[in-house]
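Structure first, commentary second.
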Amino acid sequence: MPIQIGGMVPLTTIDYPDHLSCVLFCQGCAWRCHYCHNPELIAPVGSTPVAWDEVLAFLHKRQGLLQAVVFSGGEATLQPGLPDAMQQIRELGFKVGLHTAGIKPTALAKVLPLCDWIGFDVKAARGQVDGITQIIGSDAANWHSLQLLLASGVAYECRTTVHWNLLQPDDLHLLARQLQEQGVQRFVVQQARDGHTLTPNLGPQTQPAGLPELWHELGSMFEHFMLRS
Ligand code: SF4
């Protein structure tokens, strides 16, 4: 089954660490995160599809120029065609990156051996994920997938998007402690953008007090911690 691509960024330096990469935005997602800033990618069929043959033709011309191809979303692992697509990318000589929230742990397990690096989206502390995604059961899926990722040995970064109207510093602190208990070593916090979000009227965000102290503490909990704006 061909993979559904809803958009492509031909060259980026920020989506796969230390590599020049191309990002493929896979169409479709089963969750409904309030702050989602790619709501046009949630539907299973998008308005601006990019044919897989077109993607392959582009990548053939970029061999030796690009180093990695990142499957992003939407949620790439929901696509049955993802393993084949990743295999084709590997055969072209590119490294394979994946941005995922681990919506379907069995599907993530299938592609872990094909990935060189994963940006894993941890939505919130255990028990709080469903409130972000608006989907019952997403908590268990998100955290089970994280365990699969950590057990796989694939290079990764865990990242959490914070919208201050949805999470408070105590929630983030609890999440950091839970990640630490799981053995996570690389954690990035990124602040949600106001404006183009799935749930309208979510912002503007009011920054809580005590953030410098929180960042300092989180920095001491992980081998690598970063605040990304
Ligand atoms: S932010 Fe949430 S709703 Fe949007 S693509 Fe990611 S998992 Fe799906």
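The values are calculated or read from the model by the stated rules, or taken from the named source; none is laboratory data. Fair warning: this is a prediction, and the values are worked out from it, not measured in the lab. FYI the Cβ positions are ideal-geometry reconstructions off the backbone, even for glycines, and counts take in every protein chain you see.
Points worth noting:
- Filter pass, Leu150 being among the hydrophobic types (A, V, I, L, M, F, W, C), assigned to a helix (DSSP H, G or I) and either under 24 Å from Arg62 (Cα atoms) or within 17 Å of the chain's Cα centre (by Cα) (or both): yes
- Of all the criteria given as (1) more than 20 Å from Gln87 (Cβ to Cβ); (2) crowded, with 17+ Cβ neighbours inside 10 Å; (3) more than 16 Å from the ligand (Cβ to nearest atom); (4) hydrophobic (A, V, I, L, M, F, W, C), the one not satisfied by Leu59 is (1).
- Test: residue in region 2-19 that is within 11 Å of the ligand (Cβ to nearest atom), surrounded by 18 or more Cβ atoms within 10 Å (Cβ to Cβ), of a type outside the set (A, V, I, L, M) and over 19 Å from Cys115 (Cβ atoms): yes
- The lone exception for Ala101 - which of (1) more than 20 Å from Ser229 (Cα to Cα); (2) of a type in the set (Gly, Ala, Ser); (3) within 15 Å of the ligand (Cβ to nearest atom) it fails: (1)
- Condition check for Asp53: more than 14 Å from the ligand (Cβ to nearest atom), charged (D, E, K, R) and not in a helix (DSSP H, G or I): no
- The condition (being at pLDDT below 95, within 14 Å of the ligand (Cβ to nearest atom) and assigned to a loop (DSSP other than H, G, I, E, B)) is satisfied by just one residue among Ala43, Ala30: Ala43.
- Candidates Arg177, Arg186: the one that is within 18 Å of Arg228 (Cα to Cα) and among the charged types (D, E, K, R) is Arg186.
- Within region 32-43, residues that are among the small types (Gly, Ala, Ser) reach partners that are more than 6 Å from the ligand (Cβ to nearest atom) with beta carbons closer than 9 Å, at six or more positions or on different chains, in the pairs Ala43/Gly6; Ala43/Gln27; Ala43/Gly28.
- Criterion violated by Cys22 - all others in (1) within 29 Å of Gly93 (Cα to Cα); (2) part of a loop (DSSP other than H, G, I, E, B) satisfied: (2)
- A count restricted to region 114-144 and to residues that are buried (at least 23 other Cβ atoms within 10 Å of the Cβ) and part of a loop (DSSP other than H, G, I, E, B) stands at 3.
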